[in-house]
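Everything below concerns the one structure shown next.
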Amino acid sequence: MNDVRTATEADFDDWQRSLAVGFTQPPALAREQLDARRRKFVPGRYRGAVDGGRWVATFRSFEQELTTVGGGTVPADAISGVTVSPTHRRRGLLSRMMAEDLAAARERGDVVATLLAAEYPIYGRFGFGPATWTSRWTVEVPRAGLDARWSGPEDGGRIELLDGEEVRKLGPELFDRFRGQQPGAVSRDQLWWEEFTGALRVHADFTEPFHALYRAPSGEAQGLVTYRCDNTWTGQQPDQTARVQRLFGTTAAAERALWRYVCSIDWITKVETGGRGPDDLLPHFLPDPRAARIVDHADFLWVRILDVVRALEARTYDREGAVVLEIVDDAGYAGGRYRLEGSPQGASCTATTASADLTLGVSELASAWLGGESLLRLTALGRVREEREGAARQADALFRSPGRPWCPDDF
């Protein structure tokens, strides 16, 4: 039987090569990239499987905060780097690594586990459910109807270009303000900002992007965009695309100003937005919203609830209401019957022996938890069972959030 164990720092280089193999990437990594990635190493959070002295599976996790509805946060076990080498598939390695990690997360007191699912069918069997969705847009700038004479925000604010060092100084505090109001957003640590701005060269092909900051008329920083441009010319005419890596604002005015800025750059005829929330305001910032079209839409952040009581009490609810939920969890972390009483001020969740209103799996609870999925839709699909007539509609209204959850970051 293959040995599933925790990786030590001495194992790091070989573990990274196995990770590359699992992701079908060249296994030979330069010393510089290995040393950069080593800075992320946390003892006890890297594990995998070894066969004959060779790493054949990888799995890592790290600390994360996840924003809930209403601006609260919960500690999360963020899972990444999950691979099994093609020679060792279907041997239960992922199941063993996942079981060890989730047990450790529950012991630490993490409320949820999070991951990005490369393939849809894999993670539902471990209790994960898609909790946020993402849309990618393309903006045809000549069709947008924007004033070509535009030279800055009409509200008296201003746009400033920054370099990487300035982003590392201003970005963390600004992003924390943003994520405090965006359900589904996750925390970024110092290493995230270093890698994003190129101070930490994890990837050999890093190129310096452009960064632009929006300041409100008061001078307060309220938004940041990072983008790259290609160098395409068609018939001796500039025909360039701006590819947005990240854009966020603490106000709608900030987002509007940053999108208008990107669309006004000379030579740019097309803007690719990167992943955005499914209810993003971008099209409505344009005189002709049809100039923006969705080119891709998919699930994004998956959540596994480990502590039902803390998860449901960590968010607010737009209306007052109560529902009794029977949660089915084959792994045993979150199963049970709970009475949830929610309101705009907060919530109370307690174990109960009262009759259930709804019966649902822990995966379905995760999808509805941040307001991204409708309990009424899940009931219609047969994934939630209504035990009391009308309960699905009432619970759906209780769980809905004012805006769709969105996670801006991959990990």
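The values are calculated or read from the model by the stated rules, or taken from the named source; none is laboratory data. Since this is a predicted model, take the numbers as computed values, not measurements. Quick reminder, even Gly has a Cβ in these numbers, built from the backbone with ideal geometry, and neighbours come from all protein chains shown. Surface areas here come from the heavy atoms of the whole protein model, side chains and all, with no ligands, DNA or RNA. Shrake-Rupley method; radii C 1.70, N 1.55, O 1.52, S 1.80 Å.
Quick notes
- Test: residue in region 135-158 that is touching a Leu at 6+ places or on another chain (Cβ under 9 Å), touching a residue at least 60 places away in the same chain (Cβ under 8 Å), of a type outside the set (Asp, Glu) and over 30 Å from residue 285 (Cα atoms): no
- Search result, residues across region 167-182 that are among the basic types (Lys, Arg) and surrounded by fewer than 21 Cβ atoms within 10 Å (Cβ to Cβ): 168, 169, 177
- Failed condition for residue 93, given (1) farther than 30 Å from residue 181 by Cβ; (2) surrounded by fewer than 22 Cβ atoms within 10 Å (Cβ to Cβ); (3) at pLDDT 95 or above: (2)
- Of everything listed in (1) open to solvent by less than 40 Å² (accessible area, probe 1.4 Å); (2) of a type in the set (D, E, K, R); (3) closer than 29 Å to residue 184 by Cβ, the single unmet condition for residue 65 is (1).
- Scanning region 10-20 for residues that are closer than 16 Å to residue 203 by Cα and touching a strand residue (DSSP E or B) at 6+ places or on another chain (Cβ under 8 Å) yields 17, 19.
- Long-range neighbours under 9 Å by Cβ, at least six apart or interchain, first residue more than 18 Å from residue 73 (Cα to Cα) within region 340-357, second surrounded by fewer than 19 Cβ atoms within 10 Å (Cβ to Cβ) and among the β-branched types (Val, Ile, Thr): 340/350; 341/350; 350/309; 351/309
To keep it simple, each residue is scored yes or no on (1) of a type in the set (A, V, I, L, M); (2) in contact with a Phe, Trp or Tyr (Cβ under 9 Å, 6 or more places away or on another chain).
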| position | (1), (2) |
| --- | --- |
| 211 | no, yes |
| 223 | no, yes |
| 229 | no, yes |
| 236 | no, no |
| 245 | no, yes |
| 254 | yes, yes |
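- Check on residue 105, touching a residue at least 12 places away in the same chain (Cβ under 8 Å) and either under 15 Å from residue 60 (Cβ atoms) or open to solvent by less than 50 Å² (accessible area, probe 1.4 Å) (or both): yes
- Identity of the residue in region 214-264, in contact with a Lys or Arg (Cβ under 6 Å, 6 or more places away or on another chain) and basic (Lys, Arg), that ends up surrounded by the fewest Cβ atoms within 10 Å (Cβ to Cβ): 228
- Residues satisfying the stated conditions in region 190-203, i.e. open to solvent by 70 Å² or more (accessible area, probe 1.4 Å) and farther than 25 Å from residue 17 by Cβ: 190
- Of the candidates 298, 212, 291, 242, the single residue that is within 30 Å of residue 370 (Cα to Cα), aliphatic (A, V, I, L, M) and modelled with pLDDT of 95 or more is 298.
- Within region 13-48, restricting attention to residues that are among the aliphatic types (A, V, I, L, M) and more than 13 Å from residue 81 (Cβ to Cβ), the residue that is surrounded by the fewest Cβ atoms within 10 Å (Cβ to Cβ) is 28.
- Selection status of residue 206, open to solvent by 10 Å² or more (accessible area, probe 1.4 Å), aromatic (Phe, Trp, Tyr) and more than 26 Å from residue 74 (Cβ to Cβ): yes
- Subset of region 265-276 (residues that are open to solvent by less than 10 Å² (accessible area, probe 1.4 Å) and among the polar types (S, T, N, Q)): 273
Table: residues versus (1) in contact with a Cys (Cβ under 7 Å, 6 or more places away or on another chain); (2) open to solvent by 10 Å² or more (accessible area, probe 1.4 Å).
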{"residue": "312", "(1), (2)": "yes, no"}
{"residue": "338", "(1), (2)": "yes, yes"}
{"residue": "344", "(1), (2)": "no, yes"}
{"residue": "362", "(1), (2)": "no, no"}
{"residue": "366", "(1), (2)": "no, no"}
{"residue": "371", "(1), (2)": "no, no"}
{"residue": "377", "(1), (2)": "no, yes"}
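- Condition check for residue 323 on (1) crowded, with 20+ Cβ neighbours inside 10 Å; (2) without any contact (Cβ under 8 Å) to a residue 40 or more places away in the chain; (3) among the β-branched types (Val, Ile, Thr): one failure, at (2).
- Among the residues of region 390-410, those that are part of a helix (DSSP H, G or I) and surrounded by fewer than 23 Cβ atoms within 10 Å (Cβ to Cβ) comprise 391, 393, 394, 396, 397, 398.
- Residue within region 73-83 that is surrounded by fewer than 21 Cβ atoms within 10 Å (Cβ to Cβ), farther than 16 Å from residue 100 by Cα and under 15 Å from the mean Cα position of the chain (by Cα) present: yes
- Of the residues contained in region 149-158, none is found to be assigned to a helix (DSSP H, G or I), of a type in the set (Phe, Trp, Tyr) and either open to solvent by 70 Å² or more (accessible area, probe 1.4 Å) or more than 17 Å from residue 66 (Cβ to Cβ) (or both).
- Verdict on residue 268 being under 21 Å from residue 404 (Cα atoms), modelled with pLDDT of 95 or more and β-branched (Val, Ile, Thr): no
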